1. Across segment 85-92, in residue order, what do the Karplus-derived ³J(HN,Hα) couplings come to in whole Hz, using 6.51 cos²θ - 1.76 cosθ + 1.60 with θ = phi - 60° and x for Gly and Pro?
2. What net charge is computed for the residues neighbouring GLN99, neighbours being all others with C-beta under 12 Å from the C-beta of GLN99, Lys and Arg scored +1, Asp and Glu -1?
3. Determine the dipole magnitude for the chain: charges of +1 sit on the beta-carbon of Lys and Arg, -1 on that of Asp and Glu, nothing else is charged, the reference point is the Cα centre, and the result goes in debye to the nearest 20.
4. Could you run the Karplus curve 6.51 cos²θ - 1.76 cosθ + 1.60 with θ = phi - 60° over segment 26-37 and give me ³J(HN,Hα) per residue in whole Hz, x for Gly and Pro?
5. Based on the alpha-carbon gyration tensor of segment 33-103, what equivalent-ellipsoid semi-axes (square roots of 5 times the eigenvalues) come out, in whole Å, largest first?
6. Any idea of the accessible area per residue across segment 54-103, 1.4 Å probe, to the nearest Å²?
7. Given H placed 1.01 Å from N in the peptide plane, which residues other than close sequence neighbours of TYR39 have an amide H under 5 Å from its amide H?
8. Output the 0 to 90 degree angle, nearest 10, between the alpha-carbon long axis of helix 43-54 and the longest principal axis computed from the alpha carbons of the chain.
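The values are calculated or read from the model by the stated rules, or taken from the named source; none is laboratory data. The shown structure was predicted, so the numbers you read here are calculated from the model rather than taken from an experiment. Don't worry about glycine lacking a Cβ; one is built from the backbone with ideal geometry, like all the others, and counts go over all protein chains shown. With ligands, DNA and RNA removed, areas are computed over all heavy atoms of the protein, side chains included. Shrake-Rupley method; radii C 1.70, N 1.55, O 1.52, S 1.80 Å.
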Amino acid sequence: MDHPTPASMAPHATVPPAVFARIDHAGQPLTVVKLQEAYTGDNSQLGPQLAAALGLSADALLLVLPTEGQPLIGQGRAEQVYNEYLSTNTAAVAEQTWQPLPG
């Protein structure tokens, strides 16, 4: 017998459309995710969902950039590493390869 899916497990609870890049700056690995549309969900759920989708460890640096505004996740060390990377590699934005999120 089929049971209805609870709202918390509905398809909209999945990771939003996004692209990601893995960056290594001064020996510090960082994963940057750029959301492709506005995210209105719970940021506390987004981090673990993205980490699982990308196969990241719990202590991996993850920076999540919305379509506009301040980072949703990763303010602090991850944002600092990304800003240092951009400031020391001026062609980084144009040269960076972005891939669609798996799943």
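1. Each residue's phi maps through the Karplus curve to give 4, 5, 6, 9, 9, 5, 8, 4 Hz.
2. Numbers: positive: ARG22, LYS34; negative: none.
Net of charged neighbours comes to +2.
3. Dipole about the Cα centre, nearest 20: 80 debye.
4. Whole-Hz 3J(HN,Hα) from phi for segment 26-37: 6, x, 10, x, 9, 10, 10, 10, 10, 6, 9, 8.
5. Working from the Cα gyration tensor, I get semi-axes of 20, 14, 13 Å.
6. 62 Å²
7. Result for TYR39 returns THR67.
8. Once rounded, one gets 80 degrees.
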